[in-house]
Amino acid sequence: MPTQELLISSDSHVDVKPEQVKQRLASKYHEEYDAGVATLASETARIMQSNMQREQALRQPQVNPARGTPGHSEPEARLRDMDTDGVEAEVLYCEVSAYRFLYKLKDGWKESTRAFNDTLLDFAAVDPKRLVTSAQVPIHDIDFAVQEVRRIAEAGGKSLQMPVFPHELGFADYFDERYDPLWNVIAEYDLPICCHIGLNNGLLGLAQRDPTPCKGVFVFNVGLSAGDALGMWLLTGVLERHPDLKVVFVEPGLAWVSWVLWAIDDMVERQGYEFPELKEKPSFYYYRNMHLTFIDEPFAVEKLRPELGVRNIMWSSDYPHPVSSWPNSRALVEKTFATVPTDERELIVSGNAKRVWNL
């Protein structure tokens, strides 16, 4: 391993408290904002109550050394934790999916959206070369979304987070032409669209049925459920119409995607399926436009790089979540990439992230 190998985590996390957002929001909107936060908490509890045993297990400190560290919410402490881990820069996603409730606010939703994203921008401003926060873009009002993307980009923002499953919020999937003005402005500023897997309303029934103590059946299906969204991006023509978009699927896992890429091409080449919106074979749009992040998946890194695309996969530490490699990321990278050629290794642990986020 090079003595000064650059590591960039393409998926880490930051905790934003409602009080921080309200400091940037006029007091007349506070009550409405609090109501939106409470609504999200109630909806989230439907799944998390089914997952209570797992949550209780994760409260044990020995399970997760990063749990409770100040770096989760304090940028100066985060930079110190990154130094401890040997990580140069991190792309950060907020623990709260604010786009799940911001669009429901009756009064002040635009102001609340700006205040939320400004909280993230202020976190990154402590060291914008190392801290890359992902602003969240509501999709119910496309004109405002376009304005917010411009505002974020001109304020120095480098990353956008959007809902993985717009239909969960009652909106059309991303191939719908209503999103075209949004895709146009995102491409204009060369920002990536980041879709971070997480709570999925479609898995609520599974969470309730899963009899395993830590809801293991539910947990591994969260990543696999991203196949729904992946297919919508690849097979519907949105990436044909918008060839300059960069779409990042965050934390979905790798190996299963290699099968998907084979299967969608096989559907066309051998089985006679037709996708009239596509001019190229389906996997072409993945290799040109899409990226995946992973944490610790040595088999896929070692065996499946050609199928997944060396320019399409990016390492992450997932700080400070239970599966995080912190504070031993360098040791994990060395183990995972022991047999990977140096040039390919450099792309996966830093080069691809530099290109995607324009670092």
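No lab work stands behind these numbers, since they all come straight from the coordinates. This one's a predicted model, so the numbers in the text were calculated from it and none came from an experiment. Counting neighbours? That spans all protein chains shown, and the Cβs are built from the backbone with ideal geometry, glycine included.
So the values come out like this:
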| quantity | calculated |
| --- | --- |
| Residues Ala331 and Glu168, FRET efficiency given R0 of 30 Å [Cβ-Cβ distance, rounded to 0.05] | 0.20 |
| Helical mean residue ellipticity (222 nm; -39500 (n - 2.57) per DSSP H run of 4+; nearest 500) of the chain | -12500 deg cm²/dmol |
| Cleavage-rule hits, GluC sites (Glu not before Pro), segment 98-206, DSSP coil, Cβ neighbours within 10 Å at most 11 | none |
| Spin-label model distance (nm) - Ala77 vs Glu19, 7 Å beyond Cα toward Cβ | 1.3 |
| R0 of 30 Å, Cβ-Cβ distance Phe220-Asp127: FRET efficiency to nearest 0.05 | 0.25 |
| Nearest-0.05 FRET efficiency for Lys281 and Asn184, computed from C-beta distance (R0 22 Å) | 0.30 |
| Projected-area mean, segment 259-310, by convex hull of Cα positions, square nanometres | 4.1 |
| Rounded to whole Å, sorted largest first: equivalent-ellipsoid semi-axes of segment 289-346, Cα gyration tensor | 19, 14, 9 |
| The chain - Debye-derived log10 I(q)/I(0), Cα point model, q = 0.12, 0.13, 0.14 Å⁻¹ | -0.92, -1.10, -1.30 |
| Summed residue charge, Cβ within 15 Å of Gly108's Cβ, Lys/Arg positive, Asp/Glu negative | -1 |
| Square roots of 5 times each gyration tensor eigenvalue, C-alpha, segment 217-305, largest first, Å | 23, 15, 13 |
| Cut-off 20 Å, label 7 Å out along Cα→Cβ of Lys106, residues of segment 126-143 by amide N | 140-141 |
| Sparse-neighbourhood loop sites, chymotrypsin sites (Phe, Trp or Tyr not before Pro) in segment 194-273 - DSSP loop, at most 15 other Cβ within 10 angstrom | Tyr273 |
| Longest exposed-site-free window of the chain, the sites being trypsin sites (Lys or Arg not before Pro) in a DSSP loop that have at most 16 other C-beta atoms within 10 Å | 130-269 |
| At 1.306 mPa s and 10 °C, Stokes D of segment 67-185 from Kirkwood alpha-carbon radius, µm² per second | 103 |
| Surrounding net charge for Asn358, when Lys and Arg each add one and Asp and Glu each subtract one, Cβ distance under 11 Å | +3 |
| Gained length - Val323 relative to Glu240, 0.36 nm times residue gap less alpha-carbon distance | 26.3 nm |
| Relative contact order %, segment 8-356, counting alpha carbon pairs below 8 Å whose residues are six or more apart | 21 |
